[in-house]
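Here the structure comes first, spelled out in structure tokens, and everything after it is commentary.
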Amino acid sequence: MNLLWGLLGLMLLIAPTPARAIGVQEAEKAVLQVLDRAFCAPDETFPQPASWIAQPIRHDRWAKGGTLAVTLDQQIHQLLLPEISGFAKEKQWDVRVREGTCGTSAGLVSRKAVDIAGFCCPPGKSDRLPGLRFHTLGVASIAILVHPDNPVTQLTLDQIKSIFRGDTRQWSELTPVHGPTLPAWAIQPIGRLHCKLRPGHWRAMLGNPDDFSPRMEEVGAIPDMLQRIMAQRGGIGYETLWHVERYKTQGRPKAIAIDGHAPDDVEALLSGRYPLYHVFNLTLWEGDGPANDHARALVNHLIRAVESMDPRVTMIPASALRRAGWRFQDDELIGGPEPKP
């Protein structure tokens, strides 16, 4: 219950002033409804008063005078920035881009301060504001990472859960089921429990932050996750393969398979056999007008650009997810692949 009220307080803190008037009970329900879920249904919206709905987009100081204001989660900022810059140059637009987190994106959207916001997770109920629509770029595997000296090559999802709960404390405890003898090193789980108000991502391991081991070392940024894994032979953490590649000059943690499926196995993720992944979304506001038309053109360009990226390292595009039976409503991914008989 302490966790619930902590998350509730955070959500109310980042919400716009009119949203606070909705009341504590409504906010509490919004928190409860994202726990232990992969997606939040599109009809689960967070209401706002008419004064908020009528409010226009007003850019903050960092974006004043720009054609568009864009905020991107740190997962996709560096991946999409070259595409945004190239498109803006071609169109002769002044597109201002800010890197942050899903929380940064949510805060700017709630204040109607940006034209486009990028998220690395499916939206939670508190993100579904009137007039805001989510457009899915694609999904990317979350790789389980260990120190390169660790001989472990694969684990089951149940073993991973046991490690991050703190029930399994030494690598050698996994030897009988892993196969090769594993060293008697203490296991040091490393976590980045971002986006606590949103479904998906690390919740596929353990649904509630309180379920993670009190011995887990928690970090706040992607480089910190990779650095801490490389700093201790018994470390285990998780991150997308794109960022393992991006920060390879600082050392490269080893990605292991889950239940026999490697994180770069595109077919395993498409079929639902690989269980851990991010969902990358961009937002657009409904309505007509030059700003919305420009924003829509940029989002459509980025959706097309993802098609030519390497799905083993970056992300599997939305078009491939549709063909594989993942569920969409309009342009938003709302469910995983349909189970095959």
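Details
- Taking the criterion of being without any contact (Cβ under 8 Å) to a residue 60 or more places away in the chain and in a strand (DSSP E or B), the residues of segment 200-257 that qualify are E217, E218.
- Sole residue being outside the structural domain of D224 (by TED's automatic domain parsing), crowded, with 19+ Cβ neighbours inside 10 Å, in a helix (DSSP H, G or I) and at negative phi, chosen from A291, A295: A295
- Criterion: closer than 22 Å to Q75 by Cα and touching a residue at least 12 places away in the same chain (Cβ under 8 Å) - qualifying residue of T168, T101, T153: T101
- Restricting segment 146-169 to residues that are assigned to a strand (DSSP E or B) and under 17 Å from S213 (Cβ atoms), the residue that is nearest to the chain's Cα centre (by Cα): V146
- Selection count, segment 170-195, where residues are over 30 Å from T104 (Cβ atoms) and not in a loop (DSSP other than H, G, I, E, B): 10
- Total residues in segment 266-293 satisfying the condition of being touching a residue at least 24 places away in the same chain (Cβ under 8 Å) and either closer than 13 Å to V139 by Cα or β-branched (V, I, T) (or both): the figure is 15.
The values are calculated or read from the model by the stated rules, or taken from the named source; none is laboratory data. Not measured: the values here are computed from a predicted model. Every residue, glycine among them, receives a Cβ derived from its backbone with ideal geometry; neighbour counts consider all protein chains shown.
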